[in-house]
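**Student:** Pasting in a structure now, in structure tokens, and then I'll have a few things to ask.
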Amino acid sequence: MLATPVIGFVILLWLFINSSGTNELRRAHTRAAMFMSVIGFVLISSGVAISWMFFGDVGHFGTFALVWAIALHTGFVLWGIISLAQAMSEKMPYFPTRWL
């Protein structure tokens, strides 16, 4: 179960690397998903690391880290659901166009 996110990220990375020959819409969604995955990992892990520095190894750290990770993960999942709906209706993702 813990390996599932890593396997999914490896598949996404493979799609990102091999997206040069695909159409513009698929490439845009692949790039947006890749960028959001990296941004999500950085935000969640940095928030947990910063809370470890402030709270140390006490009960407050565990509570804050859990709430932080769940709240951010939920936000990124909801963004993914909206992007999936955009992809299914053949529209560009809600993402800065200069990064696509």
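**Student:** Can you tell me which residue within region 51-63, out of those that are open to solvent by less than 80 Å² (accessible area, probe 1.4 Å) and in a helix (DSSP H, G or I), is farthest from Ala33 (Cα to Cα)?
**Tutor:** Gly59
**Student:** If a residue has to be under 14 Å from the mean Cα position of the chain (by Cα) and touching a residue at least 60 places away in the same chain (Cβ under 8 Å) to count, how many in region 1-32 make the cut?
**Tutor:** So the answer is 3.
**Student:** Restricting the search to region 1-45, which residues are closer than 23 Å to Leu72 by Cβ and aromatic (Phe, Trp, Tyr)?
**Tutor:** Within region 1-45, Phe9, Phe16, Phe35, Phe41 qualify.
**Student:** Report, by residue number, each residue of region 11-38 that is open to solvent by 80 Å² or more (accessible area, probe 1.4 Å), more than 10 Å from Leu100 (Cα to Cα), in a helix (DSSP H, G or I) and modelled with pLDDT of 90 or more.
**Tutor:** Ile11, Trp14, Ile17, Arg26, listed by residue number.
Residues checked against (1) among the acidic types (Asp, Glu); (2) under 29 Å from Glu24 (Cβ atoms); (3) open to solvent by less than 100 Å² (accessible area, probe 1.4 Å); (4) touching a His at 6+ places or on another chain (Cβ under 9 Å):
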| residue | (1), (2), (3), (4) |
| --- | --- |
| Leu66 | no, no, no, no |
| Ala69 | no, no, yes, no |
| Leu72 | no, no, yes, no |
| Leu78 | no, yes, yes, no |
| Ile82 | no, yes, yes, no |
| Pro96 | no, yes, yes, no |
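**Student:** Quick check on my filter: what residues within region 87-100 are at pLDDT 95 or above and within 17 Å of the chain's Cα centre (by Cα)?
**Tutor:** Within region 87-100, none qualify.
**Student:** How many residues does region 84-94 hold that are assigned to a helix (DSSP H, G or I) and open to solvent by 90 Å² or more (accessible area, probe 1.4 Å)?
**Tutor:** Taking region 84-94 as the starting set, the residues that turn out to be assigned to a helix (DSSP H, G or I) are 84-88.
Those still in the list that are open to solvent by 90 Å² or more (accessible area, probe 1.4 Å) too: 84, 88.
Count: 2.
**Student:** Checking the conditions here, which among Phe54, Phe41 is without any contact (Cβ under 8 Å) to a residue 40 or more places away in the chain, among the hydrophobic types (A, V, I, L, M, F, W, C) and within 19 Å of Val6 (Cα to Cα)?
**Tutor:** Within the list Phe54, Phe41, the selection yields Phe41.
The values are calculated or read from the model by the stated rules, or taken from the named source; none is laboratory data. Because the structure is a prediction, the values reported are computed rather than measured. Cβ sites come from the backbone with ideal geometry, for glycine too, and all protein chains shown count toward neighbours. Heads up: the accessible areas ignore ligands, DNA and RNA and are worked out on the full protein's heavy atoms, side chains in. Shrake-Rupley method; radii C 1.70, N 1.55, O 1.52, S 1.80 Å.
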